[in-house]
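Please read the structure below before turning to the comments.
The values are calculated or read from the model by the stated rules, or taken from the named source; none is laboratory data. Treat the numbers as computed from the prediction; the structure is a model and nothing was measured. Note: ideal-geometry Cβ built from the backbone for every residue, glycine included; neighbour counts use all protein chains shown.
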């Protein structure tokens, strides 16, 4: 059972997430907070597995609250709830230990999957935020001197990593870029075609396309850039 604290100053958002999570068998909400300070208090009281953390809240914002929670209760993960894709928010949240970001307008099923992926160790990064982060990291790498003997792969952020693809998704992406069919990919990875289709749907969602040709073209470009 994944135990969750929801921190958001909008009651409608808190209640909506509470209702969705309450309908999910493997999750439960153990606390609701309208401020960052209250979120820290609830983590101290309940020691949840995860906090869904809004950024802009009164008394203490979500970035500061994330920092305090990760410092004091490192076993509790934090996912940032946001409508923003601001560079400073992204960098600060990651530096302070957030495991990723959730855009507030995502479908409920996607949010539930993201929570499970986070608890399984994935870094969650919606396409809009991943693109901002990749741009920011590339800017920093181009303006800062590289360490002695640093390889090119260390100087530039991997685009695939910026989009938070799992290892399995990367395996499928490589084979998609090679022009292989779902059946061929399923055979090579020893999983069903239905599972492959589900993974490809997730990949499409992360990169913001719904067409295989567009996806393959984009993925080939990224793989060449990362090579």
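Restricted to segment 198-211, and to residues there that are assigned to a helix (DSSP H, G or I) and surrounded by 13 or more Cβ atoms within 10 Å (Cβ to Cβ), the residue that is nearest to the chain's Cα centre (by Cα) is 206. Within segment 164-177, residues that are at negative phi and without any contact (Cβ under 8 Å) to a residue 40 or more places away in the chain have Cβ atoms under 7 Å from residues that are part of a helix (DSSP H, G or I) and surrounded by fewer than 16 Cβ atoms within 10 Å (Cβ to Cβ) in these pairs: 171/189; 175/188, counting only partners at least 6 apart in sequence or on another chain. Only residues that are loosely packed, with under 13 Cβ neighbours inside 10 Å and in a helix (DSSP H, G or I) were counted across segment 168-187, and they come to 1. Within the bounds of segment 83-90, is there any residue that is touching a residue at least 40 places away in the same chain (Cβ under 8 Å), under 18 Å from the mean Cα position of the chain (by Cα) and surrounded by fewer than 17 Cβ atoms within 10 Å (Cβ to Cβ)? Among the residues of segment 83-90, at least one is touching a residue at least 40 places away in the same chain (Cβ under 8 Å), under 18 Å from the mean Cα position of the chain (by Cα) and surrounded by fewer than 17 Cβ atoms within 10 Å (Cβ to Cβ), which makes the answer yes. Please verify whether residue 188 is touching a helix residue (DSSP H, G or I) at 6+ places or on another chain (Cβ under 9 Å) and modelled with pLDDT of 85 or more, treating the condition exactly as stated. It is true that residue 188 is touching a helix residue (DSSP H, G or I) at 6+ places or on another chain (Cβ under 9 Å) and modelled with pLDDT of 85 or more. In segment 114-131, the residues that are under 15 Å from residue 80 (Cβ atoms) reach residues that are modelled with pLDDT under 85 and in a helix (DSSP H, G or I) with C-beta atoms within less than 7 angstrom, at least six apart or across chains, in these pairs: 125/133; 125/162; 129/90; 130/162.
In segment 10-29, the qualifying residues are those that are touching a strand residue (DSSP E or B) at 6+ places or on another chain (Cβ under 8 Å), surrounded by fewer than 18 Cβ atoms within 10 Å (Cβ to Cβ) and not in a helix (DSSP H, G or I), and the one that is modelled with the highest pLDDT is 28.
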